[in-house]
Amino acid sequence: MMVLVTGGTGSVGINIVRRLAQAGHSVLCLSRRAAEPDPLRDAFLSAVRDRVTLVAGDVGRPGDLDRVWERYQPTHVVHAAAITPTPEMERSMARTIIAANLMGTVNILEAAWRGGARRVVYVSSAAVYGETDEDTTITEDAPLKAQGLYGITKEASEKLCSCYEDLHGVPTVSLRVGWVYGPMERPMSGSRERMSLVYHCVRLALANEEIRLLHLDHVRDWLYADDLARAVAALLVLDRVPHRVYNCAGHRGYTHRALLETLQRVVPLRYRQVEDPDRANVPAILTRRRRGPLSTERLLADTAYRPQTDLDEGLRMYAEWVRQAGAQTA
């Protein structure tokens, strides 16, 4: 299997690249930054470098994708490239976000169709559900109420995947991903500038700084990045995909308080809730109410995927990776 992974050097994409290579597949890691020096990337992929080819290219340029198929002829595609914008980015660069997230998907589907790809896995997001009751588990049949350009383009891209399967027979499946954390999360200018709550809390704890949050009791269904990659791998090799959409998230929701208490078993830390946003050292947007946890029953029933990393172990491995990565992740 020759797998093209778009957004392959992003925090989600590179974990997918490594997992697929570890499984013995040949992987094309497509990224606008692939030709740039990146010691952190190279160290992360060092054990599988013989099965990974870094390819410089942009999903927004159809010619780049044509050249990928002409040279490498990938048989499968994981489309993870996207701009994950902050509200400020949505206000200032809406056209760029829509072009990258929506037309990038169109370009991938066109190339996959013309190149005869056997399957496209689209890395979507639980953002398509919008804001929901935190006490209610979300199944794939829940109403879609995307808000903001990111969620809207994810929802529209899912529909484009289904449309291309109906029109051209391109086998597609969309994976709606919950809250992901893990190694290689880092700011990437122009594509992902807002980091996760786990990113901030681990670094503050390691720096022996008190963690100050505006909210402690809202919920996130934390998923270790390599478990997400395992889910993608399971969908790629499935003979027949019974559904077009699957959820992928941690096995339950954790309050921010529970997250910190779990992290406290890994790294000594101090934390407290504050009422004034100006006194918080974790961005308030990361802790506000969002949605309930995702149900993964469909994914577990239809595939061989089984999550391997609980929150305790994931935080331990992530904190160790941050220590080793050091100043390069700052």
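Data for the structure
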item	result
Candidates 53, 84, 75, filtered to the one that is β-branched (Val, Ile, Thr) and closer than 30 Å to residue 283 by Cα	84
Filtered residue count, segment 107-125, keeping only those that are within 22 Å of residue 247 (Cα to Cα) and surrounded by fewer than 16 Cβ atoms within 10 Å (Cβ to Cβ)	1
Residue in segment 272-291 that is outside any helix (DSSP H, G or I), in contact with a Pro (Cβ under 8 Å, 6 or more places away or on another chain) and touching a residue at least 24 places away in the same chain (Cβ under 8 Å) present	no
Out of 204, 175, sole residue that is touching a residue at least 24 places away in the same chain (Cβ under 8 Å), within 22 Å of residue 286 (Cβ to Cβ), surrounded by 17 or more Cβ atoms within 10 Å (Cβ to Cβ) and out of contact with any Lys or Arg (no Cβ under 7 Å at 6 or more places or on another chain)	204
Residue in segment 257-265 that is more than 20 Å from the chain's Cα centre (by Cα) and touching a residue at least 60 places away in the same chain (Cβ under 8 Å) present	yes
So residue 266, is it in contact with a helix residue (DSSP H, G or I) (Cβ under 9 Å, 6 or more places away or on another chain), surrounded by 17 or more Cβ atoms within 10 Å (Cβ to Cβ) and either at pLDDT below 95 or more than 20 Å from residue 183 (Cα to Cα) (or both)	no
Candidate set: segment 249-258, residues that are out of contact with any strand residue (DSSP E or B) (no Cβ under 7 Å at 6 or more places or on another chain) and under 18 Å from residue 180 (Cβ atoms); chosen: the one surrounded by the most Cβ atoms within 10 Å (Cβ to Cβ)	258
Subset of segment 226-239 [over 11 Å from residue 179 (Cβ atoms) and touching a strand residue (DSSP E or B) at 6+ places or on another chain (Cβ under 7 Å)]	231, 232, 235, 236
Some residue of segment 238-248 being over 24 Å from the mean Cα position of the chain (by Cα), buried (at least 18 other Cβ atoms within 10 Å of the Cβ), part of a strand (DSSP E or B) and not hydrophobic (A, V, I, L, M, F, W, C)	no
Residue list for segment 136-169, filter: out of contact with any His (no Cβ under 8 Å at 6 or more places or on another chain), at pLDDT 95 or above and assigned to a loop (DSSP other than H, G, I, E, B)	136, 137, 139, 141, 142, 143, 144, 145, 146, 169
Selection count where residues are in contact with a helix residue (DSSP H, G or I) (Cβ under 7 Å, 6 or more places away or on another chain) and either farther than 27 Å from residue 95 by Cβ or not basic (Lys, Arg) (or both), scope segment 159-192	18
Selection count, segment 248-266, where residues are within 18 Å of residue 208 (Cβ to Cβ) and of a type in the set (S, T, N, Q)	1
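The values are calculated or read from the model by the stated rules, or taken from the named source; none is laboratory data. Every value quoted in this text rests on a predicted model; they were computed, and no experiment measured them. Please note: Cβ atoms are built from the backbone with ideal geometry, for glycine as well, and neighbour counts cover all protein chains shown.
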